[in-house]
């Protein structure tokens, strides 16, 4: 089996993790799961970086020992990864004895080679970032990474001859464009090296919380020298040469953009000093921001992923993070956008596709599906779309274009829903001569859902398995991408299970304030929304109504007098309409399809006796009608005078 090794940074336990940390680890998990779908032997590592002066100072302030302090916080890390379905193969704590041995052995090897020497450090140090800086690297006299003040430090220390490796590192970066991604990070590192690299201070004597330097135990190893070597510990650097040979060099170090420098300059220099190959790629992802600001406790905008999982479920959070943010760029987290994705993509598109399909198979064919005996143009088109989706998905995921891969899968979800409208199985079921066409339609829908289940496993592992199980399939854990490529891979006469709701729609009752800056448990329980336990749309045959029911709906031609966006939303417009002697205000979700000025003066059809609903603090008295094919939307218009009844 081909091997694949991916890592996250090891997280610093100075506080609980926030949604930005969850973003990084979810990306790595999705990539690891994808490579397992390719039947590769995957090793996925994450962990915690537990040494350093900052931890020692924080623990002392809390009245506990450093290990007591980090034990409590790291337990929270591990619980979060469990709840997010993170499939890491190992969790490395830098306080573990196995790691101490690796760090001390690496220190001794590089020292014996002559690349570590004792000297005195005098300079500028940022304690929160555990980083050394020169005067010209500061930004307005402060740390260029975090913006906090630095302090002058003077102490005996050991130094690593980083400057000896500057030319080799620069040559490697320039000759291997894929080594640092995205390109913007690569260019930053080239410029940083060209400014000149100074030797790196790799020990401290002013505190004790660290791994002792093996040749001089009054020193502890500098936290970054300790932390970076974590990537070697779990794959057998000291104790399992076969495993180490299999997984090193690492395929991808996934890190935040602020620590690309450590991974693409300092880490390669350490590896060169050890005569080890360099990792194949360092990928620096962007920050997750809230209302344009990086999350920070001082700003009060840190979002707790545990509370989000309590409220929305892990798979919904994973889907949003992976779909909404282009890897390598900063991405905005928005509660409104999250709810919109849950309602539109998960409840409406995916949930309804599964529910409608299983309902129709149960109703029309007693839960059985049969290999198609006919092939129509609609079937060929659907199957070709399935093949094209798999090819795109394989290439996009392999190139870390995760957001594009997710969007492509959901385009196929929309295509499968369109296939239902094209083939109209509820109508085929009423015509005995169309029995084979009905059977082909239902089989192809089940096959599409089987494919979708496999493709979304890296993004939404729990949901993927639920779909698989509702289809009545077995051994989901062993499913591979190659299996999914077989579109007629479900046996003739297979019996599907009963449909169960995947994602209930979220009904927004009222949101009068902007995006909440800070969540708490009370907000999570009360919130500004409620989960409506509504059954996803049944098949069209079950939606028949009587003429008496239809006659209760009052439709009228109205004129749009004014239109404006609803603040802090992407798709809502506030419309003022004239019913013919009466004016009303309504909220309509058409902002992505119509500019406000395009609507003013337009005659549209409206339901005038709909029960008023409060949306974003606005009471909406009615609903305009529109037609949609899943992608495009057009309002139902009329040239008749305003006030005309639609019958």
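Each value in this text was obtained by applying a stated rule to the coordinates, not by laboratory testing. This is a predicted model, so every value here is computed, not measured. Glycine gets a Cβ as well: all are built from the backbone with ideal geometry, and neighbour counts include every protein chain shown.
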Study note, to complete from the structure: Mean separation of Cα contacts under 8 Å (at least 6 apart) over the residue count of the chain, i.e. the relative contact order in percent, is 12
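Where both partners of a DSSP beta bridge lie in the chain, what percent of those bridges are antiparallel, to the nearest 5?
Numbers: 55 of 76 bridges.
Given both bridge residues lie in the chain, the antiparallel proportion sits at roughly 70 percent.
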**Study point:** Mean separation of Cα contacts under 8 Å (6+ apart) over length of the range 273-404, as relative contact order %
**Key:** 28
Check your understanding: So if R0 is 30 Å, what FRET efficiency would residue 151 and residue 293 give, r being the distance between their Cβ atoms, rounded to the nearest 0.05?
Key -> 0.70
Practice item. Work out how far the C-alpha atoms of the range 3-286 reach from end to end along every principal axis, then list the three figures in whole Å, largest first. Key: 52, 49, 40
Study note, to complete from the structure: Per its Cα gyration tensor (rounded if a/c is under 1.5, else prolate when a/b beats b/c, else oblate), the range 78-184 is best filed as rounded
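Normalised by the number of residues in the range 334-507, what is the relative contact order in percent for Cα pairs under 8 Å and 6+ residues apart? Working shown, then result.
Numbers: 192 pairs, mean separation 65.1, N = 174.
Taking the mean separation of contacting Cα pairs over the length of the range 334-507, I get 37 percent.
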Review point. For the range 1-135, what class follows from the C-alpha gyration tensor (a ≥ b ≥ c being the square roots of its eigenvalues): rounded when a/c is under 1.5, otherwise prolate if a/b is larger than b/c, else oblate?
Key: oblate
Point to revise | Cut-off 18 Å (backbone N to label point 7 Å along Cα→Cβ of residue 433), residues of the range 351-390 | key: 374-376
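Fewest to most neighbouring Cβ within 10 Å: what's the order for 211, 303?
303, 211
In what sequence do 492, 578 fall when counting other Cβ within 10 Å, fewest first? Can you show the working numbers first?
Numbers: 492 11, 578 16.
Lowest count first: 492, 578.
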Practice item. Please work out the Kirkwood hydrodynamic radius for the range 334-507, using every pair of different C-alpha atoms, and report it in angstroms with one decimal place. Key: 16.4
Point to revise | Cα long-axis angle, helix 166-175 against the chain (0 to 90 degrees, to the nearest 10) | key: 30
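What number, rounded to the nearest 500 deg cm²/dmol, is the helix-based mean residue ellipticity at 222 nm of the chain, given -39500 (n - 2.57) per DSSP H run of at least four residues and division by all its residues?
Values: 22 runs with 243 residues, N = 647.
Helix-only estimate at 222 nm: -11500 deg cm²/dmol.
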Practice item. Starting from the Cα of residue 136, step 7 Å along the direction of its Cβ; do the same at residue 631; then give the gap between the two resulting points in nm. Key: 5.4
Check your understanding: Hey, what D do you get for the range 208-350 in µm²/s if you plug the Kirkwood alpha-carbon radius into Stokes-Einstein at 10 °C and 1.306 mPa s?
Key -> 86
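Output the peptides 108-115, 338-345, 6-13 sorted from most to least packed, where packing is the average of other Cβ atoms within 10 Å over each peptide's residues. Can you show the working numbers first?
On the way: 108-115: 14.9, 338-345: 19.6, 6-13: 23.4.
Top to bottom by mean Cβ count within 10 Å: 6-13, 338-345, 108-115.
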Exercise for review: Write down the percent of antiparallel bridges among all DSSP beta bridges whose residues are both part of the range 3-286, to the nearest 5.
Suggested key: 50
**Study point:** Whether the range 545-646 is rounded, prolate or oblate, judged on the alpha carbon gyration tensor where a/c under 1.5 counts as rounded
**Key:** rounded
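What are the semi-axes of the equivalent ellipsoid of the chain, taken as the square roots of 5 times the eigenvalues of the Cα gyration tensor, listed largest first and rounded to whole Å? Could the numbers behind the result be given before it?
Values: eigenvalues 580, 189, 84 Å².
Semi-axis lengths for the chain are 54, 31, 20 Å.
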Review point. Expressed as an acute angle from 0 to 90° and rounded to the nearest 10, what is the orientation of the C-alpha long axis of helix 402-423 relative to the principal long axis of the chain?
Key: 20
